[in-house]
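The values are calculated or read from the model by the stated rules, or taken from the named source; none is laboratory data. These numbers were taken from a predicted model, which means no experiment stands behind them. Note that we place each Cβ from the backbone using ideal geometry, even for glycine, and neighbour counts take in every protein chain shown. Remember, those area values only see protein heavy atoms, side chains included, never the ligands or the DNA or RNA. Shrake-Rupley method; radii C 1.70, N 1.55, O 1.52, S 1.80 Å.
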Amino acid sequence: MSSAIELASAGCRVIVLDMQPLPGGQIFRSLEANMQARPRTDALLSALGPAYRAGLALIERFRAAPGIDFRPGTTVWDLRADGTVGWLRGNAAGYLRAPHVVLASGAMERPTPFPGWTLPGVMTAGAVQTLMKAGRLKPEGRIVLAGTGPLIFLLADQLRRLGVKPALIARTDRLGDKLAALKRVRPAGIPALAKGVGWLARLRLAGIPMRTGISGLQALGGEHLESVRLLAGGKNMDIPCDLLVVHDGIVPSTDLAHAAGLALEWKRDDASWRPRTARDGRARMAPCPSFTTGPCRIRITGDARRIGGADAAAAHGRHAARAILADLGRIARKQGGPDRTEAEVRRTLAARPFLDAAFPPGLAARLPDDATIVCRCEEITAGSLRVAIRNGAADMNLIRGLLRCGMGPCQGRSCATTLARLLAEAEPGRPMPPSPFRARPPLRPLPLGALAGMTGLDPALAQVESLDDKPEEIAGDDVHA
Amino acid sequence: MFAPIGSTEATMTIYLDGRAIPARAGETIAACLLRAGVGHFRTTPVSGARRLPYCMIGHCFDCLIEIDGVGSRQACLSEVEDGMRLHTQDGPAAIAGMEFQ
Ligand code: FES
């Protein structure tokens, strides 16, 4: 949103494709609708707190900016480095091509395979937040929150305001992580830390039981979740439970960047991939065959580039937009030191080094036992993957072909990092796979009817209307700035 | 597992396997069914295990359900529409007139 506003106010024509029906991404999800539904939503809005409502100013500017062509409910199922974007809206599909593409596809929660994580009744913290914001629902019954990261505390605090009292908050992080992390506190990050301390204090006051340094999480039950087992302070705990909410931090959503043939890098300490980008978000092509040639026209911004949260995403979005405007010659390229938007990016990321050290991956820290499902879609266990690897399968795509791991409807979104780590476990020293499974369009389900009827709904912009793997270079496709 | 925050203001009706469920304009099918206490949206094609939504943002595909005759649609990304007919999906999606193993 901030990128689009910046570009549009400089006179550019901007098309925004958004999977959601309303602007706001996941952080400000359904904010407009919840504001309009007041006073019915007053309790919800006060539980979600001022940081949620603060998004309204940005949304209003986005709605008001002339030159933004907002297309809600639109799924992107193909992206190519030359700026070609395959879209689906309702039952209509087509291609667009633009001289500059800003990819702001956000983050996903770190996949955390543990025994029982596929049972009905196990959900991520982000899922519960989405159900609150967009579904106006709150969890009820016996609830356990398990994992690590600021979102656990934020969610617990929001639940507290709704009068929902979890039976336990089971944290994988320890006090030692916090003490070690204190070294990394920077002055600009202090407000964020103060917020965290406030959440903790209020949860303590509300008498919500909390354990740190837990491990060995298991979800138990037959057809649905019945109880949770974990190891805390050297002792096994069994807690009867209706809803287990897990969270292990968030990682960049790399599916579109990877499919576009952009270079990713493996972050060892974070056990995740992220795209390789310049400071202004410009992506780089991966050194492998791709659908397109020529300069890469994609910039990546927000959490899809580096995890930093809403403020950092908005700041970097503006920064990436300024870089595009400089490319277009609409503003002077700055000389020397960092400009205003770059300084803002630094300020908003100031708390990250502390947060990353204070909340290291927990549920996913150890690789799963042999019996645990890694691939949720095809129900492939870590054990059968280890057997294939021991028998010589040393490549992600080969293993996908052999076992169907990553071949289900989610296309490997939930299992790719775990499989990459299982490969590394088998052969220590071996470099991490440079990317997840090879990706091919469509990246998301595309109804055959839409595919058959595919047209360019925008004659001016949709120069590519065929299904050819490699769209032809079209002269003069730079006219839409 | 989930209860409404405030009143639901349901003005629509959707049907799951023939059962009428009140729905609120603008909510996702997943939210609507979870509020109604539906225990599973689908079973897996491999072991027949029951699944409910896991991520709610379109990543995990555990919320797949049959919507108006079309199988394997993501309930967490689809909004309710009045009169919509949903079916719990057993295993892989069926294609009209065909059954897969
Ligand atoms: S619940 Fe994960 S894709 Fe719908």
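Rolling a 1.4 Å probe over the protein heavy atoms gives chain A an accessible area of 42 Å² per residue. Per-residue mean of foreign Cβ neighbours for A:135-145 is 5 (Cβ atoms of other chains, 10 Å radius). Counting only Cα atoms, the size of chain A along its three principal axes is 68, 57, 48 Å, in decreasing order.
Taken one residue at a time, the phi angles of the stretch A:29-43 give Karplus couplings (6.51, -1.76, 1.60, θ = phi - 60°) of 4, 6, 4, 4, 5, 5, 5, 5, 7, 4, x, 4, 9, 4, 5 Hz. Gly and Pro are set to x. Estimated from helices alone, the mean residue ellipticity of chain B at 222 nm is -1500 deg cm²/dmol (sum of -39500 (n - 2.57) over DSSP H runs with n ≥ 4, per residue).
Accessible area per residue (1.4 Å probe, heavy atoms of protein chains only) ranks B:HIS40, A:HIS247 as B:HIS40, A:HIS247, with the largest value leading. The antiparallel fraction among DSSP beta bridges confined to the protein assembly as shown stands at about 65%. Each Lys or Arg adds one and each Asp or Glu takes one away; over the other residues whose Cβ falls under 13 Å from the Cβ of A:GLY309, this sums to +2. With a 1.4 Å probe rolled over the protein heavy atoms of all chains, the accessible area of A:ASP242, B:ASP82, A:ASP82, A:ASP18 falls in the order B:ASP82, A:ASP242, A:ASP18, A:ASP82, largest first. In chain A, the DSSP-assigned H stretches of four residues or longer account for a calculated mean residue ellipticity at 222 nm of -9000 deg cm²/dmol, using -39500 (n - 2.57) per stretch and the full residue count as denominator. For the pair the stretch A:318-387 and the stretch A:406-438, the centres of their Cα atoms are 18 angstrom apart. Multiplying the residue separation of A:ALA54 and A:LEU402 by 0.36 nm and subtracting their alpha-carbon distance yields 120.4 nm.
When accessible surface is computed with a 1.4 Å probe, chains A and B are found to bury approximately 3600 Å² between them, both chains counted.
Compute the angle between helix A:55-64 and the longest alpha-carbon principal axis of chain A, please, reported from 0 to 90 degrees and rounded to the nearest 10. On a 0 to 90 degree scale, this one is about 20. In whole angstrom, how far apart do the alpha carbon centroids of the stretch A:11-44 and the stretch A:217-240 sit? Their Cα centres are 37 Å away from one another. Extension gain, A:ARG268 to A:ALA332: 0.36 nm times the residue separation minus the Cα-Cα distance gives 19.2 nm. Sorted largest first, the spans of the alpha carbon positions of the stretch A:373-426 along the three principal axes are 26, 17, 15 Å.
Amide H to amide H distances under 5 Å link B:THR13 with B:ALA23, B:GLY83, where only residues 5 or more positions off or on other chains count and H is placed in the peptide plane.
For the protein assembly as shown, with all protein chains in place and a probe radius of 1.4 Å, 54% of the accessible heavy-atom surface sits on carbon or sulfur.
Once the Kirkwood radius over Cα pairs is known for the stretch A:122-248, the Stokes-Einstein relation at 10 °C and 1.306 mPa s delivers a diffusion coefficient of 104 µm²/s. Along the stretch A:216-223 the Karplus relation, 6.51 cos²θ - 1.76 cosθ + 1.60 evaluated at θ = phi - 60°, assigns HN-Hα couplings of x, 5, 9, 9, 10, x, x, 8 Hz to successive residues, with x for each Gly and Pro.
Here the 3J(HN,Hα) profile of the stretch A:255-260, calculated from phi with Karplus coefficients 6.51, -1.76 and 1.60 at θ = phi - 60°, is 4, 6, 4, 5, 5, 6 Hz, Gly and Pro shown as x. With 30 Å as the limit, the listed pairs A:LYS178/A:LYS267; A:LYS165/A:LYS195; A:LYS195/A:LYS267; A:LYS138/A:LYS183; A:LYS133/A:LYS195 have A:LYS138/A:LYS183 beyond it between alpha carbons. One equal scatterer on each Cα of the stretch B:12-89, no solvent, Debye formula: the resulting log10 I(q)/I(0) at q = 0.27 Å⁻¹ is -1.43. B:ALA49 sits among other residues whose Cβ lies under 15 Å from its own Cβ, and their net charge, with Lys and Arg +1 and Asp and Glu -1, is -2. The C-alpha atoms of the stretch A:1-97 occupy a region whose extents along the principal axes are 46, 33, 19 Å, arranged from largest to smallest.
The order of A:VAL185, A:VAL246, B:VAL46 by accessible area, most exposed first and with a 1.4 Å probe, is B:VAL46, A:VAL185, A:VAL246. On C-alpha positions alone, give me the angle between the axis of helix A:150-161 and the longest principal axis of chain A, in degrees, nearest 10. Its long axis makes an angle of about 70 degrees.
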